[in-house]
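Okay, so here's the structure we're looking at.
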Amino acid sequence: MHLTKLQRAIIKLTVVVILAIALIRVYQPELALMTHPSPAHQQELVTLVHQHGLGDTLLLIATIAILCSIPFAPNAVICIFTGVCFGPFIGFLINWCGNIIGNGFVAIMIRRSGISEQVRHKRAFDYLTRQRFPVVGLIIDFIVPVVPNLLVNYAANGMRVTTGKYLLAASLGTLPIAFIYALGGNAIFTMNFKKVVVIALFVFLCMFYWGLKRLQENLST
């Protein structure tokens, strides 16, 4: 069955709303504490998080994976929330697993459905697929926040990288961002502004590097 663009948008929005409601129901006490960060609330937050079972953690991983596979979905917000609740290290592992699973799902869907002519004619797709070292290029593309994951997965399919190389690129490429989001969420809640500055600098350098690469590409064509 072929769905129109509007129908696909409605389905995606419905999925996002359902996930948001589920997370609010499960993590409502943590969300309440986040509105008034303080040392006492930080300890209370740790206590609340320890009361959650494996199912609640899997819900976060599944949510991150699903939002990662939906273009423009607020995946970063959930990853930051994970850092607030679980801290920089456990939060990082949750974010990392979710992003790898989500990108893997997108890659499988693209491999089954193929690449449309509309995507093939995009300048960004043409740029991403003209990599001298495909795996290194994919890793960098996954790291840079301004590059949509969907487009990176299309590029991976267009370059016909093997499953093993794709998993390597997706794992290494999503690792820094997963950690940055978790660290950022923890830094915001603990009001550690030094960490926030470091994170902002990292994101800026990534975006600057990407912009410089695009400028060099345009000048050479």
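The values are calculated or read from the model by the stated rules, or taken from the named source; none is laboratory data. What you see is a predicted model; the values in this text were computed from it and never measured. Ideal geometry is used to build each Cβ from the backbone, glycine not excepted, and the neighbour counts take in all protein chains shown.
See the values below:
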read-out	value
Tabulated pairs, segment 159-182, first in a loop (DSSP other than H, G, I, E, B), second crowded, with 16+ Cβ neighbours inside 10 Å, C-beta under 6 angstrom, 6+ apart or interchain	M159/T129; M159/P134; V161/P134
Condition met for I70 (modelled with pLDDT of 85 or more and among the β-branched types (V, I, T))	no
Checklist (1) surrounded by fewer than 23 Cβ atoms within 10 Å (Cβ to Cβ); (2) in a helix (DSSP H, G or I) applied to V147, failing item	(2)
Test for L33: is it assigned to a helix (DSSP H, G or I) and either modelled with pLDDT of 80 or more or in contact with a His (Cβ under 9 Å, 6 or more places away or on another chain) (or both)	yes
